Amino acid sequence: MNIVAIASQKGGAGKSTFALNLAALADAQGKPAVLVDTDAQGSLLVWHRLRGKATPLLASCDGSGLGAVLDTARRHGGVEWVFIDGPPQNNDGVAEMMRLATLVVIPTRPGLFDLASVAATIDLAKRLKRPFFVALNAVPPKRGITEPPAVIAARRAIADLGAPVWRGAVAQRAVHMQALASGKSVTELEPAGPAADEMRLLWRDVGNVARAMAGFDSGRLDNERAAPEPQRRVRYQA
């Protein structure tokens, strides 16, 4: 089972947007994907209620309950992908989800304050020795084939932090808000649009990296994951 943690210690970076769009793409392959909402704001719960579909499956928990949720997903049968929407400004919660993840994706906007704050999340992933990369979100759309100067500068700033940067970028587009409001992903709402193309590229790269890393210290991940609470039952929300 591939566990992708979408992590940022700054609010508004795009964690929920990445998580639900990636989960919808994984789910479309025929096996149920799982979304885990660890953010107290419950953004994914709102989206899931609007969606009116059973999948992707949704579970809510805080960091202490994450191990139990993942154990339930493993026992569910047929689940290949889990996407964890992490909490902002919660070092312990972010560390726990990273520790349990196959791959960590760190979204960030290209603004000055966002780039300044992403260093803490990068440092945490490094300290925990987790495979990760940073993905730029809400960037100005390209004009032609050239990236805007702000995006080029953001890539340089992230690389200077010693972090791998995703080759693509997710642009700021109205379709993201429209998709959220309709309980859909951008690939479902506008499958031929540029936002859908960006998300499909992100999904392809996440899939390739996660599968490549699936065997990376898998024994340590299994042995160190948080033990489920006795008699605790975890229910997925339909």
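The residues in region 120-153 that are of a type in the set (D, E, K, R) and crowded, with 18+ Cβ neighbours inside 10 Å can be counted, and the count is 2. Using the structure shown, decide if Pro141 is more than 20 Å from Val82 (Cβ to Cβ), part of a loop (DSSP other than H, G, I, E, B) and modelled with pLDDT under 95. Yes.
Going through (1) farther than 19 Å from Val206 by Cβ; (2) part of a loop (DSSP other than H, G, I, E, B); (3) in contact (Cβ under 8 Å) with a residue 24 or more places away in the chain one by one, Gln41 falls short only on (3).
Would you confirm whether or not region 73-81 contains a residue that is modelled with pLDDT of 95 or more and either surrounded by 19 or more Cβ atoms within 10 Å (Cβ to Cβ) or among the aromatic types (Phe, Trp, Tyr) (or both)? Checked region 73-81: at least one residue is modelled with pLDDT of 95 or more and either surrounded by 19 or more Cβ atoms within 10 Å (Cβ to Cβ) or among the aromatic types (Phe, Trp, Tyr) (or both).
Residue-wise test of (1) over 18 Å from Met1 (Cβ atoms); (2) touching a Phe, Trp or Tyr at 6+ places or on another chain (Cβ under 7 Å); (3) part of a strand (DSSP E or B).
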position	(1), (2), (3)
Lys31	no, no, no
Ala54	yes, no, no
Gly67	no, no, no
Val79	no, no, no
Ile84	no, no, yes
Val94	yes, no, no
Met98	no, no, no
Val104	no, yes, yes
Leu115	yes, no, no
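The values are calculated or read from the model by the stated rules, or taken from the named source; none is laboratory data. All values reported here derive from a predicted model rather than from experimental measurement. All Cβ positions, even for glycine, are placed from backbone atoms using ideal geometry, and neighbour counts span all protein chains on display.
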